[in-house]
1. Return the pair list, or none, for Cβ contacts closer than 6 Å from residues in segment A:271-298 that are more than 18 Å from A:Gly118 (Cβ to Cβ) to residues that are among the β-branched types (Val, Ile, Thr), at least 6 apart or on different chains.
2. Taking the options A:Phe431, A:Phe472, name whichever one is of a type in the set (A, V, I, L, M, F, W, C) and farther than 26 Å from B:Ile101 by Cβ.
3. Checking A:Tyr438 against (1) part of a helix (DSSP H, G or I); (2) within 9 Å of chain B (Cβ to nearest Cβ); (3) under 30 Å from B:Met61 (Cβ atoms), which single condition isn't satisfied?
4. Go through the residues of segment A:173-196 one by one and say whether even a single one is under 17 Å from A:Leu284 (Cα atoms) and either within 14 Å of chain B (Cβ to nearest Cβ) or surrounded by fewer than 18 Cβ atoms within 10 Å (Cβ to Cβ) (or both).
5. Which one of A:Gly24, A:Gly8, A:Gly52, A:Gly64 is farther than 26 Å from A:Ala289 by Cβ and in contact with a Cys (Cβ under 9 Å, 6 or more places away or on another chain)?
6. Here is a list of conditions, (1) in contact with a helix residue (DSSP H, G or I) (Cβ under 9 Å, 6 or more places away or on another chain); (2) part of a helix (DSSP H, G or I), and A:Thr356 meets all of them except one; can you say which number that is?
7. Among A:Leu423, A:Leu405, A:Leu461, which is the only one that is facing chain B (nearest Cβ under 7 Å), in a helix (DSSP H, G or I) and surrounded by 24 or more Cβ atoms within 10 Å (Cβ to Cβ)?
8. Among the residues of segment A:453-467, which ones are of a type in the set (A, V, I, L, M) and more than 8 Å from A:Pro142 (Cα to Cα)?
Amino acid sequence: MLDMFIAGFASVLTFKVMALIVLGVVVGIIFGSIPGLTATMAVALCIPLTFGMDITAAISLLIGLYVGGVSGGLLSAILINIPGTPSSVATCFDGAPMAKRGEAGKALGVGIVFSFWGGLLSVFALIFLAPPLSTIALKFGPYEYFAIAVFSLTLIASLSSKSMPKGLLACLIGMMMAFVGIAPIDATQRFTFGIDQLSSGFDLLPVLIGLFAVTEVMKEAEGCWVKGRVYDAAKHKIALGKIKGFGFTLAEAMTQKLNFIRSFIIGLVIGILPGIGGGTSNLLAYAVAKSQSKTPDKFGTGIIDGVVASETSNNASVGGAFLPLLTLGIPGDTVTAMLLGGFMIHGVTPGPLLLTSHGKLVYAIFAALIIAHIVMLVVEFWGLRIFIKALDIPKYILLPIIISLCVVGAFGLNNDLTDVWSLLIFGLLGFGLEKLGYPLAPLILGFILGPMVETNLRRGLMHTGGDFMPFFAQPIAALFFALTALSVGWIIYQGYKKRSPSGV
Amino acid sequence: MARYKDILGGLFWLAVAIGMYYASFSIRVLAIGSGSTSFVGSGFMPRLVATGMMILSLTIMWQSWQKLKTAQTDAGSNDELSFREKYLPVLASLGLLIAYIAFMEMLGFVIMTAVYLCGQMFILATPEHRKPVLFVAISVVSALAIFYTFVEVFQLMLPENRLF
């Protein structure tokens with residue numbers, strides 16, 4: 001194994017491949033940090049550039065883009081409260097309040113370092129645990145997926161900060177929006193109102209950037225014509241704050257040990273499961289961190305725990321997503337689906353035989369992943385001050401430019417204006433819900449998990465001929481159903497405990 | 001008005017839920033699998049979600065009603081901005097966004113982006129920060145830079161007209 005590892009490193013540690021990794025990480029960070037442009041899009045747009053390269057160089061570039069893209073999302077999430085990618089939605093919840101308080105440097109430092117460790121450890125998990133973990137992942141069928149999705153939905157309670165009914169309703173609104181389009185299993189059209197363009201449903205990207213970016217513009221516009229209103233540059237300017245190194249102490253980092261380990265495991269496991277990735281894991285890790293915290297009320301006010309949970313888990317999903325790709329040939333998320341295409345273009349088909357047939361390449365991928373994470377840490381550390389400088393641009397100039405970039409991102413999905421219209425629809429919905437005091441995080445979780453619940457429930461019932469009992473007979477599914485029952489019981493107990501001392 | 005926002009919001013979502021429940025019956029049911037699975041056809045989840053939405057919107061309305069009954073004193077006290085003052089710029093931004101998307105196919109990405117950027121900057125900036133020449137310059141340069149970066153470098157397709 002060690003000689004393969006050395007050979008893998010040797011094939012990556014050439015000037016050309018290293019330069020491609022650095023280029024990939026830098027471009028990835030730029031794509032990740034611009035709302036509307038994602039790691040998936042960065043990889044998709046750069047695949048044609050790799051046609052003339054050898055496979056090690058090509059995959060190294062794409063890995064750099066992936067790692068940079070996933071991590072870059074934290075920049076805009078913290079600095080302008082708009083997630084750069086779906087993977088950094090939960091980073092907004094505590095990162096943005098920290099930035100508003102003048103701790104942008106610290107929030108970014110925490111995000112960058114925990115992204116690095118989350119990602120790096122997931123690569124080591126990929127190297128050492130790949131075969132056994134992928135065998136377990138292969139055992140996941142509709143019952144298990146259904147049970148996991150139901151369990152994840154119970155976490156909405158901890159994301160519903162002020163009002164539980166509003167949080168639950170927001171989740172159902174998200175599920176409702178996901179119904180639009182072709183139904184799973186029988187492909188019947190639902191709620192398309194005769195509009196052909198709606199038959200493919202709403203894509204997650206316009207939903208997210210609509211909910212965050214367009215809503216942010218509307219919030220900024222609110223009351224801005226009032227006579228005598230002064231543009232408060234101090235309010236809009238994000239202070240870097242006094243920052244040494246990454247802006248936080250080792251003692252602060254050590255308080256996050258448990259949070260880090262928990263979020264890492266969530267990120268890794270979600271990454272391994274095909275179909276879901278960093279977009280889901282960051283929200284789940286945040287919700288779990290909040291529900292397990294001794295001070296859940298502080299979440300959302302700007303504490304590093306929220307940033308650690310979100311950023312550790314989303315980068316841990318990177319290594320996780322590679323696991324089924326390399327060992328089974330099944331992509332874990334959209335970016336690894338693109339990478340699968342990249343492999344096939346160069347004549348390599350990932351699967352159980354990859355390690356024996358292309359061992360050197362597999363270890364070169366491991367090496368590229370490790371190096372890409374180190375490059376990401378260095379680039380983001382040196383770029384930290386530059387990113388914050390970009391925010392010296394007044395918001396009335398910055399926000400419209402961001403919206404234009406969001407339009408490019410939404411249009412680029414399918415070369416169709418329907419996705420741009422969805423951006424507007426979800427922007428309006430987000431603004432309306434904000435005004436009514438509904439949290440947006442449960443809506444996103446409902447939108448992502450709703451189709452997973454429905455597809456696997458229906459698929460499972462087709463397997464069993466309509467009988468629900470076999471769902472409980474599978475050990476993994478039963479475990480998650482038990483966890484669901486415990487989670488619901490805990491929520492009820494917490495609610496009872498909150499009410500009883502005051503006698504309300 | 002602000003006092004009744006939860007009741008009005010609840011009413012809105014209740015209406016949407018009833019509409020969805022009703023519309024779910026028009027979803028075509030295909031006979032797939034054995035007959036016993038027909039109860040989880042494509043209309044099952046929408047009906048389940050609609051029922052949940054109805055219960056929750058009624059709960060929110062009831063909770064809000066209870067709050068209104070107990071705290072009747074601070075009737076619309078601290079809303080210092082009128083509805084018009086608050087939401088006119090929001091509506092202007094919305095109108096501009098609709099125009100941006102609606103005319104993009106006809107006029108192309110570059111022209112519409114420049115127009116949108118300029119208009120949105122004017123809406124968001126306070127009168128003393130409105131610098132027409134700067135706004136126009138930034139808008140045109142940004143629109144061209146975005147267009148050429150994505151179309152020329154990344155080979156992405158964006159709506160074009162004959163000019164751009």
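The values are calculated or read from the model by the stated rules, or taken from the named source; none is laboratory data. The structure presented is a predicted model; accordingly, all values stated were derived computationally and were not measured. Neighbour counts run over all protein chains shown; Cβ positions are idealised from the backbone, glycine included.
1. A:Pro274/A:Ile330
2. Numbers: A:Phe431 fails: farther than 26 Å from B:Ile101 by Cβ.
Result of the check over A:Phe431, A:Phe472: A:Phe472.
3. (1)
4. Taking segment A:173-196 as the starting set, the residues that turn out to be under 17 Å from A:Leu284 (Cα atoms) are A:174-175.
If we keep only those that are either within 14 Å of chain B (Cβ to nearest Cβ) or surrounded by fewer than 18 Cβ atoms within 10 Å (Cβ to Cβ) (or both) too, we end up with A:174-175.
For segment A:173-196, residues under 17 Å from A:Leu284 (Cα atoms) and either within 14 Å of chain B (Cβ to nearest Cβ) or surrounded by fewer than 18 Cβ atoms within 10 Å (Cβ to Cβ) (or both): present.
5. Working: A:Gly8 fails: in contact with a Cys (Cβ under 9 Å, 6 or more places away or on another chain); A:Gly52 fails: in contact with a Cys (Cβ under 9 Å, 6 or more places away or on another chain); A:Gly64 fails: in contact with a Cys (Cβ under 9 Å, 6 or more places away or on another chain).
Of the residues listed, the single one that is farther than 26 Å from A:Ala289 by Cβ and in contact with a Cys (Cβ under 9 Å, 6 or more places away or on another chain) is A:Gly24.
6. Condition not satisfied by A:Thr356: (1).
7. On the way: A:Leu423 fails: facing chain B (nearest Cβ under 7 Å); A:Leu405 fails: surrounded by 24 or more Cβ atoms within 10 Å (Cβ to Cβ).
Going through A:Leu423, A:Leu405, A:Leu461 in turn, the sole match is A:Leu461.
8. So the first thing to find is which residues in segment A:453-467 are of a type in the set (A, V, I, L, M), and the list is A:453, A:457, A:461-462.
If the condition is that a residue be of a type in the set (A, V, I, L, M) and more than 8 Å from A:Pro142 (Cα to Cα), then A:Val453, A:Leu461, A:Met462 are the ones that fit.
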